[in-house]
Amino acid sequence: MTCGTQEFEYTLDTEFFRNMESEDIIKGNVKTHLTVNCKSDYYELDFTLKGSIFIPCDRCLDEMEHIVDTDYHLCVKYGEEFNDENDELLIIPETEVSLNVAYMLYDTVALTIPLKHVHPAGKCNKGMAKYLKNNAVEGYEDGFDDDEAFDNDEIENSNQVDPRWEALKKLTENN
C-alpha cells in the first residue's frame, strides 16, 4: 500500500439521484470534494458536499429547494469480511481492489434532509393549501392560520368540486 493523499471532485446531479432510485430527492446539483489520505494500514476519507437538492414539500407536495452543506469523515480498513456496523469505520474484504462511494455520497446528502420539510408561509401550492385547510386534514390545521399563505382570488377559482367526488360523498352520507 503506497501512502499519500489523493483528491477527487464529483457532481451529484439529477441523473445521479435518479440512478440511486431516490424517491426523496427530485433533482439536485451538489459539488463533492473527496480527499483520500492513505495511512500505513487504513484510508481516511473526507467528504465535503455543497449545493442544493429539490425535495417534495410535506404539505403541498410541490418541490422545494434544500441547501446541502455538510462534511463526512470515514476510515476504511481491510479485513477478512465486509463490516459497516461502525459509522466511522468501514471494513472491506482484502480481496476488494476498489470502493464505490456513490451510496456513501447519497446517504450523506439524504441525512441532511430534515424530518419535516415544508415551504415557508405563503409559498405552498395555493390549491393544495386550500384543500387541506377546508378539509381539516389532521396535522395541518395550525399550518394554514396566517392569511398570507393564501391568495383569495386563487382560492375562489379553485373552489369548484369534481362531480365524481360529490357522488362518492353522497354514498358515504347515506351510510
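Read-outs: derived from the displayed coordinates by stated rules, not from any lab. Fair warning: this is a prediction, and the values are worked out from it, not measured in the lab. No Cβ is skipped: glycine too gets one built from the backbone with ideal geometry, and neighbour counts run over all protein chains shown.
Divided by 2.2 N^0.38 Å, where N counts the residues, the Cα radius of gyration of the stretch 6-66 comes to 1.44. DSSP beta bridges fully contained in the stretch 44-127 are about 75 percent antiparallel.
The phi torsions of the stretch 58-68, fed into the Karplus equation with coefficients 6.51, -1.76 and 1.60 and a -60° offset, translate into couplings of 5, 8, 10, 6, 6, 6, 9, 7, 10, 7, 10 Hz, rounded to whole numbers, with Gly and Pro shown as x. For Phe17, the shell of other residues with beta-carbons less than 11 Å away shows a net charge of -3, using +1 for Lys and Arg and -1 for Asp and Glu.
At what distance in nm do the modelled label points of Asp69 and Glu96 sit from each other, each positioned 7 Å from its Cα along Cα→Cβ? For the pair Asp69/Glu96, the computed spacing is 3.2 nm.
Look at the alpha carbon pairs under 8 Å that are at least 6 residues apart: their mean separation over the length of the stretch 17-72 gives a relative contact order of 31 percent.
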